[in-house]
1. Give the residue that is modelled with the lowest pLDDT, with candidates limited to residues of region 11-43 that are within 15 Å of the chain's Cα centre (by Cα) and small (Gly, Ala, Ser).
2. Using the structure shown, decide if Thr46 is closer than 21 Å to Glu119 by Cβ, surrounded by fewer than 14 Cβ atoms within 10 Å (Cβ to Cβ) and at pLDDT 95 or above.
3. Can you name the strands (runs of 3 or more DSSP E) wholly within region 133-193 that have at least 3 residues being more than 19 Å from Trp55 (Cβ to Cβ)?
4. Need pairs with beta-carbon distance below 9 Å; first residue touching a residue at least 12 places away in the same chain (Cβ under 8 Å) and within region 40-68, second open to solvent by 60 Å² or more (accessible area, probe 1.4 Å) and among the β-branched types (Val, Ile, Thr); sequence gap 6+ or separate chains.
5. Determine which single condition Thr65 fails, assuming it passes every other condition in (1) over 24 Å from Gln165 (Cβ atoms); (2) not in a loop (DSSP other than H, G, I, E, B).
6. For residues that are outside any helix (DSSP H, G or I) and either hydroxyl-bearing (Ser, Thr, Tyr) or closer than 14 Å to Asn39 by Cβ (or both), tally how many sit in region 68-109.
7. Taking the options Asp118, Asp84, name whichever one is open to solvent by less than 50 Å² (accessible area, probe 1.4 Å), farther than 16 Å from Thr44 by Cβ and modelled with pLDDT of 95 or more.
Amino acid sequence: MYKKLLVPLTLIFVLMLSACGGGFKPDHKYKVDSFEFTNQHNETITDEDLKGSVWLAQFVFTNCTTVCPPMMSNMVTLQEKLIDNKIEDYNIVSFSVDPDVDTPEELAKYLDMFSAPDESKWQMLTGYEMKTIEKMAASSFKQLVKQIPNDDQVIHGVSFGLVNQNNEVVKLYGGNEDVDYDTIVKDIKALIKEGK
């Protein structure tokens, strides 16, 4: 009984901490940890591959029964708005918080479920240990990622992170509900302009 009550309460607390409304700008930029992970096509993707372009980051997993489906749908909507605004120089990076289950094949099937208008812009990443993604989420994106003991669910932040051309996290937005699409599009436009 206690465990069943603790998990939802912990999850609600994490979501309250992570949902940043219209956008939270950190006191200073946080450099994304160096990484070498595997995408949904079984290709190696590194932080250096993303350098030079603006990208959006999120933490999700394929067995998620709560926040991930709306986050994925919201990211698809955001991509549609980027296309409508003729913005092309960007990437979307989804870090799996369940790397033991989320093989490249599972991540490819998961992305297909959401009918993203341009899957070529998406990197669905896995191929690391749980402690690696826990550390990276905390140090680079100031988000909690924590496996629930004896459960197939993972507690994780629900923010979308905006990363500049130098692989620095410059802003966080609520990604689960009340997504401020217009602000995110405007901020991406501004970053791309700054980088030219």
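The values are calculated or read from the model by the stated rules, or taken from the named source; none is laboratory data. What you see is a predicted model; the values in this text were computed from it and never measured. So basically every Cβ, Gly included, is an ideal-geometry build from the backbone, and we count neighbours across all protein chains shown. Surface accessibility is based on the protein's heavy atoms, side chains included, excluding ligands, DNA and RNA. Shrake-Rupley method; radii C 1.70, N 1.55, O 1.52, S 1.80 Å.
1. Applying the filter and picking the extreme gives Ala19.
2. Numbers: closer than 21 Å to Glu119 by Cβ: yes; surrounded by fewer than 14 Cβ atoms within 10 Å (Cβ to Cβ): yes; at pLDDT 95 or above: yes.
The answer is yes for Thr46.
3. none
4. Partner pairs satisfying both residue conditions: Phe61/Val101; Thr62/Val101; Asn63/Val101.
5. (2)
6. Matching residues across region 68-109 total 10.
7. Only one candidate qualifies: Asp118.
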